[in-house]
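The values are calculated or read from the model by the stated rules, or taken from the named source; none is laboratory data. Nothing here was measured: the structure is a model prediction, and the numbers come from that model. Glycine also receives a Cβ, built like all others from the backbone with ideal geometry; neighbour counts cover every protein chain displayed. Heads up: the accessible areas ignore ligands, DNA and RNA and are worked out on the full protein's heavy atoms, side chains in. Shrake-Rupley method; radii C 1.70, N 1.55, O 1.52, S 1.80 Å.
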Amino acid sequence: MANLTFNEKVDGSKLILKVAGEIDAKTAPDLKIKLEAAVGNGIKTIICDCSALTYIASAGIGVLNSIQKFLKEKSGEIVFCSLKKEVKDTMELMYFTKKVRVFPSLDDAIGGV
């Protein structure tokens, strides 16, 4: 059974969201609720720390894509860091990495946004 947990740290209009576990058709709605709530609370920049994310399915990328489009319209963005090879490969396969910025580490992401 897929399991997904979050660890949040808000810094002004920036959210650092550590995502752990797997994002699939079952857990993607939880991610969508979490991200939409953050944006609804005035967050403009979301840094997704994926160091503990072990799997992402197309349903998860669909959620991330819709949030990315919404933030872009509001002059914000969602960025990713610390991607495991399997997660990065899936994102690249679906051309998602062409739409978002990916940083090697959390420190790089914080410095880059």
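Just for strands (runs of 3 or more DSSP E) wholly inside the stretch 1-81: which have at least 1 residues that are within 24 Å of GLY112 (Cα to Cα) and open to solvent by less than 10 Å² (accessible area, probe 1.4 Å)?
Ranges flagged: 14-23, 45-56, 77-81.
May I ask you to verify whether VAL87 is surrounded by 15 or more Cβ atoms within 10 Å (Cβ to Cβ), closer than 15 Å to VAL113 by Cβ and at pLDDT 95 or above? For VAL87, the condition - surrounded by 15 or more Cβ atoms within 10 Å (Cβ to Cβ), closer than 15 Å to VAL113 by Cβ and at pLDDT 95 or above - is not met.
Of the residues making up the stretch 82-111, those that are within 12 Å of the chain's Cα centre (by Cα) and assigned to a loop (DSSP other than H, G, I, E, B) are SER82, LEU83, VAL100.
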